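For reference, the structure discussed in these notes is given below.
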Amino acid sequence: MPDLDSAATLVTGGDTAHISVRQPIDDAALAAQLRHLARLAFLLCGNETRAQDAAAETIARVWQRSLRVGIEDARPYMRRTLVNVVTSSRRRFWTERGLFPRIATASAIAGPDDAIAGRIDLLQALQRLPTAQRAVIVLRYFEDLSEDEIAQTLRISNGTVKSRAARGVAALRVLLGGEEDDV
């Protein structure tokens, strides 16, 4: 087991992230990953504060795991951990949905994904989808993952990914007042 005093690093590059327990941490890479996870979490939960908390908790969980066992490719592990954190927080605070209106702010997801940020109506419609459909839609269209990668991340079959994506897109069309041929 690694020494708890040893430093660790999160190295991101291209499509992979590697966590090594023996090198100093790269603060810029960690901050970039935290921002990315916060935007992804916001799309999953619709609440800026909970999204930031989920992103931080995800980084902490991945960090703890890396101290015990090395993580060769951290990005899929982080995505799966983030989905788990958001899902468990939704279970704990399910009454929040009925008590407070969901108001999305463009500043919550500012960055290279500004096209999504400008679509407040889409974000609000996304929050009305069931959690499982929302996770598939976000991973498919925001993270641009393939059906196989989504199936591995969520630990479901490819057929389930396809059906949840189809039902989610159909529900979004209805919620946004679009017609079948819009997408």
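Numbers for the structure displayed
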read-out: For GLU72: the one exception among (1) over 25 Å from ARG140 (Cβ atoms); (2) surrounded by fewer than 20 Cβ atoms within 10 Å (Cβ to Cβ); value: (1)
read-out: Criterion: closer than 25 Å to GLU149 by Cβ and at pLDDT 85 or above - qualifying residue of ARG61, ARG90; value: ARG61
read-out: Identity of the residue in region 75-84, over 10 Å from the mean Cα position of the chain (by Cα) and under 14 Å from ARG155 (Cα atoms), that ends up surrounded by the most Cβ atoms within 10 Å (Cβ to Cβ); value: TYR77
read-out: Any hit, region 67-81, residues being among the acidic types (Asp, Glu), modelled with pLDDT of 65 or more and either in contact with a helix residue (DSSP H, G or I) (Cβ under 7 Å, 6 or more places away or on another chain) or within 21 Å of LEU129 (Cα to Cα) (or both); value: no
read-out: All positions within region 40-59 that are crowded, with 22+ Cβ neighbours inside 10 Å, part of a helix (DSSP H, G or I) and out of contact with any Cys (no Cβ under 6 Å at 6 or more places or on another chain); value: LEU40, ALA41, PHE42, LEU43, LEU44, CYS45, ALA54, ALA55, THR58
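One line per residue, one yes/no per condition, for (1) out of contact with any strand residue (DSSP E or B) (no Cβ under 8 Å at 6 or more places or on another chain); (2) of a type in the set (Ser, Thr, Tyr); (3) buried (at least 20 other Cβ atoms within 10 Å of the Cβ):
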residue: THR131; (1), (2), (3): yes, yes, no
residue: VAL138; (1), (2), (3): yes, no, yes
residue: ILE150; (1), (2), (3): yes, no, yes
residue: THR153; (1), (2), (3): yes, yes, yes
residue: ASN158; (1), (2), (3): yes, no, no
residue: ALA166; (1), (2), (3): yes, no, no
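The values are calculated or read from the model by the stated rules, or taken from the named source; none is laboratory data. Keep in mind it's a predicted model, so treat the numbers as computed, not measured. When we count neighbours, we look across all protein chains shown, and the Cβ atoms used for this are built from the backbone with ideal geometry, even at glycine.
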